[in-house]
C-alpha cells in the first residue's frame, strides 16, 4: 500500500482545511440555527466543498490515489474545527404569553350575559 506523498497533502489538504475553517467559523457563529442544523449543514457543506475543491484542483494537478478523498476529509475537518472555534450559544426563543384578567370587566360581562339569557325566556 502506497502512502500519500507530501505534494499531494499540500495541494489537496491545505486549501480544504483553510476554506473549511472559514466556512465552519461562519456556520458556528450563526445563533439562529439549532444544534442539529449546524452539524448537518457543516457536514453537507464539508462534503460538497471538498468535491468542488478537488474538481478545481484536478485540472491543475493529478489527484493520485486518494487526492479527492483527502480534499473532502480535509474540508470537513476544517469545518468541524471552525465550528468549534466560533461556537455561539443557541438562541432560545421563548413565547411569553400574558393573560390579562380584569375581575370587574368579567363581572359586568357575566351579568350582561345572564340578563340577556333571562330576557330571552
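Nothing in this text is a laboratory measurement; each read-out follows from the coordinates by a stated rule. Just so it is clear, the structure is predicted and the values come from calculations on it, not from any experiment. Ideal geometry is used to build each Cβ from the backbone, glycine not excepted, and the neighbour counts take in all protein chains shown.
A few notes on this one:
- When the chain is treated as a Gaussian network with alpha carbon springs shorter than 10 Å, the biggest mean-square fluctuation among 13, 74, 59 belongs to 59.
- Against the set (1) 18.1; (2) 15.6; (3) 16.0, the structure's computed Kirkwood radius over Cα pairs in Å falls on (1).
- Between residue 94 and residue 52, the FRET efficiency from the beta-carbon distance, with R0 = 41 Å, is close to 0.55.
- Label-point separation in nm, residue 109 to residue 10, each point 7 Å along Cα→Cβ: 7.8
- Candidates 97, 54, 32, ranked by Gaussian network fluctuation over the chain, Cα under 10 Å, top entry: 97
- Across 15, 89, 103, mean-square fluctuation computed from a Gaussian network of the chain (C-alpha pairs under 10 Å connected) peaks at 103.
- Spatial offset of the stretch 13-69 relative to the stretch 100-114 amounts to 63 Å, using the alpha carbon center of each.
- Calculated [θ] (222 nm, deg cm²/dmol) that DSSP helices of n ≥ 4 give over the chain, each run adding -39,500 (n - 2.57): -21500 deg cm²/dmol
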